[in-house]
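K.L.:
To start, I am sharing the structure in question, which I have written as structure tokens.
Just so you know, all these numbers are worked out from the coordinates, no wet-lab data involved. Predicted model, so just to flag it, every value in this text is computed and none were measured. Using ideal geometry, Cβ is built from the backbone for each residue, glycine included, and neighbour counts are taken over all protein chains shown.
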Amino acid sequence: MSKLDKLTQTIVNSVNNAKPEEVDKTESRGHMDFRMRETRAMSRGDRKRQIILKVPVEKTRMWKYHDREYQNLTEQACADLIASFKISGQEIPALARRIDDPKAPDIEFELIYGARRRWTAEHLGLPLALYVEDIDDAEAFRRQDHENRDRKDVTSYERAMSYRRVLDEGLFKDQNQLASYLGVSKGTLSKLLALARVPEALSEAFGGRQHMTPFAVSRITPLYTLTDKDQVEYLPGVLDAAKTLAEEQNKRMETGRELIHANQIATHLIGVANSNSTRTESAQPLKIKDHRGALIAKAHRKKDTFVLELPKGKQISEAQFDRHIKPALKELGLLL
């Protein structure tokens, strides 16, 4: 069995010990409350929507804070909408607002949500149906977030990048204000934002950023440190393990097999870090003694090598090396 096969088998065996994804009840409850308020508001006519318009797709664009990676939309990703559009047309308009951008004079509307609807209309050569409202950035962001939060085709990473953008550009003063405005807990927002900071090498272990989950990422965050110069420092063994996992995930994608789940990936990486930590972080040298208890040498681990410190004036025989030194080096992880 190859090293990669052994690694894969180890990960598969660990699935029973992996914890299920955590669900933030505050977020779910807040989202249901939003849906109920929206429905009641629409029935009362509180939403001052203009007449639904149908416009050419080329007169629209996505607004800058949209939470989808529009360039990744494909015919496969929009297959359900394509079929629906062909049968009954666009049943639910996208939300948009009018714009006047001198740099893009042909664009009249920017979409707050409805990226897949826009892509599908463009793909089929149809006009795009819009609800048009006059709303500011903060309200637009809130409406977009609640519209897309439960959609499986909007990944946690896409949401994380959207949240990070509005914070970086000062749309909200801090995470607390953003969490309050969106109706999510501070813990949920913190876990989501952590996805936007995961180093590329670790994201590839999951099979790509779109397969990362907030819970799994929260577990591996202690395994690396981002320095002031945007460099990444990993705990011993983590980077090599991530590369091996990335290779396995790529093979699975190429052959159409199911990817190793994010929580299993996190469990394995944590195990690797703990194993290496046990071997490398001993502050005291290992004292090597003979069968009578007399000190023969002290062994110090120095990264991937070792230093033997002999008592003054002492030498080690070949027999002592085989009987006492070799077992000590195995304990330090330098010999198999």
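K.L.:
How big is the Kirkwood radius of segment 79-155, worked out from every pair of different alpha carbons and given in Å to one decimal?
P.N.:
Mean inverse Cα-Cα distance, inverted, gives 13.6 Å.
K.L.:
Also, I was wondering about something else. Over the C-alpha atoms of segment 77-234, what are the Rg and the largest Cα-to-Cα span, Dmax, in Å?
P.N.:
Considering segment 77-234 through its Cα atoms, Rg and Dmax are 18.3, 55 Å.
K.L.:
Given 0.36 nm per residue, what is the gain on full extension from residue 300 to residue 240 after removing their alpha carbon distance, in nm?
P.N.:
19.2 nm
K.L.:
Now a separate question. Just rank 296, 82, 220, fewest to most, by other beta-carbon atoms within 10 angstrom.
P.N.:
Going from least to most buried by this count: 82, 296, 220.
K.L.:
Report the full-extension gain for the segment residue 104 to residue 86: residue separation times 0.36 nm, less the Cα-Cα distance, to one decimal in nm.
P.N.:
Extending this stretch completely gives an extra 3.4 nm.
K.L.:
On full extension of the chain, what length is gained from residue 139 through residue 251, given 0.36 nm per residue of separation minus the C-alpha to C-alpha distance?
P.N.:
36.0 nm
K.L.:
On alpha carbon coordinates alone, what is the Rg over Rh value for segment 179-222, Rh being the Kirkwood radius?
P.N.:
My calculation puts Rg/Rh at 1.02.
K.L.:
Between residue 72 and residue 194, what is the label-point separation in nm under the 7 Å Cα-to-beta-carbon projection?
P.N.:
2.0
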